[in-house]
Amino acid sequence: MPINLIHSWLHRVEEGWDPIPADYAELYAEKAWHIYNSEALVDRLSELAHGLENKRVLDLGGGPGQYSVLFARRGARVTWHDVSRQYEKIASARFLAAGVQIERSLGYLEDAQKFGPASFDIVFSRVSWMYCRNDQHFARLLTTLVRPGGLAYIECDTPTNAKPEGLRWWQHRLNEYAGWKIGHPLPPQGRIGRLIAQYPLRFLEFDYSSPLQDKVIFIKA
């Protein structure tokens, strides 16, 4: 039985478990809001989606919520989903300060299946993919959540970025060569694109310009 699945059974979000310490959440949130946000990226996705007004957007693994706000300010109906109550607290305060209405949802990435198939015009997954329990299953879930004609953006660091050592090196090697996920190893470069390419798509774009990061955009057929 997969170790990460057992872990999720034993550590329930609805019972108050949170993987993110409060002090780390605050530090990362400050970086996220001042560094890790990009109007240019949202411009590109808006162009591909023919505007964001009234589009349903899922910010999957939304963290401090900086991208949720960027989408909402352009008229999208945004759902923020993350496993951390610490991030929910921070994001909620930011949403209030920004004057935007954003639906909040707590749970593991896989819990997003509760929204049902074809629920969103855009699924946005930035630096959260590695927290899924199984790469292949998560690719299926993510593409299922997108409505036909809708799009998704995926961005994830690679093992080259993490420079894993010791136990983490073994975690990454087991994931790369055997597909076993113990903890949260980063997917090897190219895997996300290969998994997504198995599904019926109208548009697919890979950005492997940096060995440190994969970026994938697709429009569902």
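Screening THR143 against (1) crowded, with 17+ Cβ neighbours inside 10 Å; (2) touching a strand residue (DSSP E or B) at 6+ places or on another chain (Cβ under 6 Å) leaves a single unmet condition, (2).
Being more than 13 Å from the chain's Cα centre (by Cα), crowded, with 18+ Cβ neighbours inside 10 Å, touching a residue at least 24 places away in the same chain (Cβ under 8 Å) and part of a helix (DSSP H, G or I) is a description that applies to SER46. Restricting attention to region 57-75, which residues are without any contact (Cβ under 8 Å) to a residue 40 or more places away in the chain, of a type in the set (A, V, I, L, M, F, W, C) and either buried (at least 24 other Cβ atoms within 10 Å of the Cβ) or closer than 16 Å to LYS31 by Cα (or both)? Of everything in region 57-75, those that are without any contact (Cβ under 8 Å) to a residue 40 or more places away in the chain, of a type in the set (A, V, I, L, M, F, W, C) and either buried (at least 24 other Cβ atoms within 10 Å of the Cβ) or closer than 16 Å to LYS31 by Cα (or both) turn out to be VAL69, LEU70. Of the helices (runs of 4 or more DSSP H) lying entirely inside region 124-221, those carrying at least 2 residues that are touching a residue at least 60 places away in the same chain (Cβ under 8 Å) are 135-145, 191-196.
Picking from residues in region 76-102 that are out of contact with any helix residue (DSSP H, G or I) (no Cβ under 9 Å at 6 or more places or on another chain) and within 25 Å of MET130 (Cα to Cα), the one that is surrounded by the most Cβ atoms within 10 Å (Cβ to Cβ) is GLU88.
Among the residues of region 44-61, those identified as within 19 Å of PHE218 (Cα to Cα) and not charged (D, E, K, R) are LEU45, SER46, LEU48, ALA49, HIS50, GLY51, LEU52, VAL57, LEU58, LEU60, GLY61.
The numbers here are math on the coordinates, done by the rules we state, and not lab data. Just so you know, these numbers come straight off a predicted model, no measurement behind them. Cβ coordinates were reconstructed from backbone atoms using ideal geometry, including for glycine residues, and neighbour counts include every protein chain displayed.
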